[in-house]
1. Right, VAL30: surrounded by 13 or more Cβ atoms within 10 Å (Cβ to Cβ), modelled with pLDDT of 95 or more and touching a strand residue (DSSP E or B) at 6+ places or on another chain (Cβ under 8 Å) or not?
2. Applying the selection to region 46-79, what residues are among the aliphatic types (A, V, I, L, M) and assigned to a loop (DSSP other than H, G, I, E, B)?
3. What tally of residues in region 80-108 results from selecting those that are of a type in the set (Ser, Thr, Tyr) and surrounded by 12 or more Cβ atoms within 10 Å (Cβ to Cβ)?
4. In this structure, is VAL39 of a type in the set (A, V, I, L, M) and at pLDDT below 95?
5. Mind listing whichever residues of region 88-111 are touching a Lys or Arg at 6+ places or on another chain (Cβ under 7 Å) and not in a loop (DSSP other than H, G, I, E, B)?
6. Which residue pairs have Cβ atoms closer than 6 Å, lie 6 or more positions apart in sequence or on different chains, and pair a first residue in region 75-95 that is within 12 Å of VAL39 (Cα to Cα) and touching a residue at least 40 places away in the same chain (Cβ under 8 Å) with a second residue that is surrounded by 16 or more Cβ atoms within 10 Å (Cβ to Cβ) and of a type in the set (Gly, Ala, Ser)?
7. Looking at THR62, THR78 in this structure, which one is modelled with pLDDT of 95 or more and among the hydroxyl-bearing types (Ser, Thr, Tyr)?
Amino acid sequence: MLRQRMPVHVREIHHPATGDLDLATILRIVGDPLRLQLVRELAAPGAEPTCGQISESMGLPTSTCSYHLRLLREAGLTRTRPAGTERRISLRRDDLEQRFPGLVEVLVGAE
């Protein structure tokens, strides 16, 4: 029995290019208190958790966490990196700082 391989485009995780990041979209996405809290969690030094780890630490259903993380990734706030069978999530701090200097510090420091 031959095993079918998934097309490359299906396995890729799309992230907007740094130049395509849109401030209005980013602000709309982090306007939700839960997503802003996710950004703050990911801003911790060395943070690269999985969705399961985030949902457990925040007491959220995995499906809810996954939905909000997808919105953050599509807006360009986070990067999802495959690591074996897991997907590690990190804040795109350098890309955001390059495009919108000071934005991450405002988001992380805002109470």
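The values are calculated or read from the model by the stated rules, or taken from the named source; none is laboratory data. Being a predicted model, the structure only gives us computed values, none of them experimental. With ideal geometry, Cβ positions are generated from the backbone for all residues, glycine too; neighbour counts draw on all protein chains shown.
1. no
2. ALA47, LEU60, LEU77
3. Adding up the residues that qualify gives 2.
4. Here the answer is no, as VAL39 does not meet what is asked.
5. Of everything in region 88-111, those that are touching a Lys or Arg at 6+ places or on another chain (Cβ under 7 Å) and not in a loop (DSSP other than H, G, I, E, B) turn out to be ARG88, SER90, VAL104, VAL108.
6. Partner pairs satisfying both residue conditions: LEU91/ALA43.
7. Answer to the check: THR78.
Results for (1) closer than 23 Å to LEU21 by Cβ; (2) modelled with pLDDT under 95; (3) over 13 Å from the mean Cα position of the chain (by Cα), shown as yes or no for each residue.
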| site | (1), (2), (3) |
| --- | --- |
| PRO45 | yes, yes, yes |
| SER57 | no, yes, yes |
| LEU69 | yes, no, no |
| THR85 | no, yes, yes |
| ILE89 | yes, no, no |
| GLU97 | yes, no, yes |
